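I have placed the structure first, in the form of structure tokens, so that the comments after it can refer back to it.
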Amino acid sequence: MKPRNNGKPDVDDEQRKLAVLIDADNAQPSVIEGLLAEVAKYGVASVKRIYGDFTSTRATQWKNALLKFSINPVQQFAYTSGKNATDSSLIIDAMDLMYTGRFDGMCLVSSDSDFTRLAQRMREEGLTVYGFGERKTPDAFVQACDKFIYTEVLRAEVAPAAASKPVVAKPARSKKKTTARVTTTMEAAPPTAANAGSGPPAKPAVLPLPVDLLRRAIEEESDEQGWAHLGAVGAYLTKIRPDFDPRLYGHKKLSDLVKHHPRHFAIEERGGSGSRTIYVRALD
């Protein structure tokens with residue numbers, strides 16, 4: 001493998017090479033757009049693979065997503081009922097990719113705790129591990145990752161489909177003149193078994209503010225006056241809670257989260273207009 005400096009690559013975040021490995025049995029195609037957009041924040045997805053039995057009707061919904069986002073499917077037949085061969089195939093490929101030394105990080109997309117040891121092993125080799133899974137993901141897998149993102153947040157961020165336009169039904173031609181036009185609106189139609197769940201997904205419930213956790217992070221990174229650089233606070237939060245995400249608490253950024261709670265935190269912006277730095281202090 002390539003030598004690394006304390007597990008940190010010598011390249012910018014935008015150029016970091018990442019491998020995205022998706023467990024089709026434990027991921028939904030509805031999150032793939034938001035997921036890949038999230039991956040782009042951490043580096044370049046040089047490899048995108050998805051593992052599953054695509055002869056099964058359960059995996060057919062992935063077809064359009066694979067074509068649209070250029071994801072390479074890895075077929076894994078279910079040779080024995082009750083045995084998950086998909087996990088084994090993904091783990092083998094992940095180890096092979098790790099030993100090439102070409103990657104700076106690995107993105108594991110699954111809510112399955114079976115990948116806990118895989119995440120631990122990759123971190124031991126100096127790779128950064130990003131986990132993606134649903135809120136039901138066992139804590140063991142969450143804590144084994146450097147950063148864990150819940151896919152419910154990504155699903156909520158995907159822009160909803162454009163609202164259906166009113167459909168104007170043209171009246172039948174007749175010899176008599178008509179002055180009224182019949183209009184129907186798709187939005188007014190009551191939900192039925194056929195269209196239920198076809199609209200944009202509901203946003204996940206907003207969690208209560210973790211005041212104690214934020215206070216702890218600020219205290220660890222603060223100076224003698226109690227002020228802490230917000231970036232350092234965010235980095236510390238990720239270290240102790242890989243699944244910490246401001247979006248779980250109703251805000252896109254950590255700065256928006258602390259600004260929204262002036263009762264608990266004070267904000268101070270320092271520097272010129274060109275490069276302003278945000279500092280935060282916990283209030284008594």
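Key figures
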item: Coil-residue GluC sites (Glu not before Pro) of the range 215-249, DSSP, other Cβ within 10 Å capped at 14; result: Glu224
item: Asp139/Glu220 FRET efficiency (R0 30 Å; Cβ-Cβ; nearest 0.05); result: 0.85
item: For Ile50, residues with placed amide H under 5 Å, excluding near neighbours; result: Ile22, Asn72, Val74
item: Over 21 Å (Cα to Cα) - which of Lys48/Lys68; Lys63/Lys252; Lys48/Lys147; Lys17/Lys147; Lys68/Lys147 fall in this group; result: Lys63/Lys252; Lys68/Lys147
item: Amide H contacts of Val129 (H built 1.01 Å from N, under 5 Å, at least 5 apart or other chain); result: Met106, Asp146, Lys147
item: Cut-off under 5 Å, modelled amide H: who pairs with Gly226 long-range; result: none
item: Sequence-separation-based contact order of the range 72-149, relative, with Cα cut under 8 Å and 6+ spacing, percent; result: 26
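Every number in this text was worked out from the coordinates using simple rules, so none of it is lab data. Quick caveat: nothing in here was measured; it's all calculated off a predicted structure. Cβ: placed from backbone, ideal geometry, glycine included. Neighbour counts: every protein chain shown.
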